[in-house]
1. Select from the stretch 88-112 the residues that are surrounded by 22 or more Cβ atoms within 10 Å (Cβ to Cβ) and either free of Cβ contacts under 8 Å to residues at least 60 places away in the same chain or of a type in the set (Ser, Thr, Tyr) (or both) and list them in ascending order.
2. Identify, please: which residue in the stretch 152-164 is surrounded by fewer than 18 Cβ atoms within 10 Å (Cβ to Cβ) and farther than 16 Å from Lys82 by Cα and is, among those, modelled with the highest pLDDT?
3. If a residue has to be within 15 Å of Trp89 (Cβ to Cβ) and either in contact with a Pro (Cβ under 9 Å, 6 or more places away or on another chain) or surrounded by fewer than 17 Cβ atoms within 10 Å (Cβ to Cβ) (or both) to count, how many in the stretch 135-151 make the cut?
4. Going through the stretch 119-158 one residue at a time, which ones are touching a Phe, Trp or Tyr at 6+ places or on another chain (Cβ under 6 Å), within 27 Å of Arg36 (Cβ to Cβ) and either in contact (Cβ under 8 Å) with a residue 24 or more places away in the chain or hydrophobic (A, V, I, L, M, F, W, C) (or both)?
5. Restricting attention to the stretch 65-92, which residues are assigned to a helix (DSSP H, G or I) and under 17 Å from Ile18 (Cα atoms)?
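The values are calculated or read from the model by the stated rules, or taken from the named source; none is laboratory data. Computed from a predicted structure; not experimentally measured. Cβ placement follows ideal geometry from the backbone for every residue including glycine, while neighbour counts extend to all protein chains displayed.
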Amino acid sequence: MALINNGSTFSLRTGRWIFDVFLNFRGEDTRHNILRLLYAALVQKGISTFKDDKVLERGKPIPSELYNAIEGSRFSVVIFSKNYASSSWCLDELTKIVECRQKMKGHTIFPVFFDVEPMEVRKQEGSFGEAFANHEEAFKEKVKKWRDALKESPISVVGLYRRGKPFSFHYSIHCTFRYQL
């Protein structure tokens with residue numbers, strides 16, 4: 001697990017953040033392309049970033065350090081990709097991210113759409129609809145929470161969208177995060 005930290009620790013009493021950005025992503029879709037580029041751009045700009053490098057085992061609960069990293073991050077960048085919704089881990093993390101946005105002042109969600117249409121995510125159609133249909137049996141109780149989290153996240157408000165051409169992150173990252181930190 002790669003933890004990049006400026007040495008501070010998060011405390012609800014002091015209100016300091018451990019990380020500027022928490023990256024939420026589906027590794028098989030993004031690890032070797034958009035995630036690598038985005039992470040490099042954030043680090044180059046001096047933005048303290050949490051990126052989980054572990055390949056996670058199916059069926060295992062999310063480690064508490066991931067939840068702590070979400071709670072200790074000022075921004076969450078959610079990279080929606082074609083297979084994102086097929087991962088119960090991604091959806092559990094998204095649920096926690098949305099919960100933090102609702103409960104913690106200053107926590108902001110920034111969506112990125114990588115080779116998936118924003119409307120597919122918002123309306124849970126296409127690969128998102130298929131993934132939710134597959135989850136209905138195994139994760140019946142969680143599916144409603146996941147659907148609610150997708151509805152609560154700012155999918156229709158703002159985000160970077162990429163279909164076919166690579167992103168140029170430097171300007172977008174600078175404008176989005178640097179001025180708000």
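1. Across the stretch 88-112, the qualifying residues are Leu91, Val98, Ile109, Pro111.
2. Glu152
3. So the answer is 4.
4. Within the stretch 119-158, just Val121 meets the criteria.
5. Correct list: Glu65, Leu66, Tyr67, Asn68, Ala69, Ile70, Glu71.
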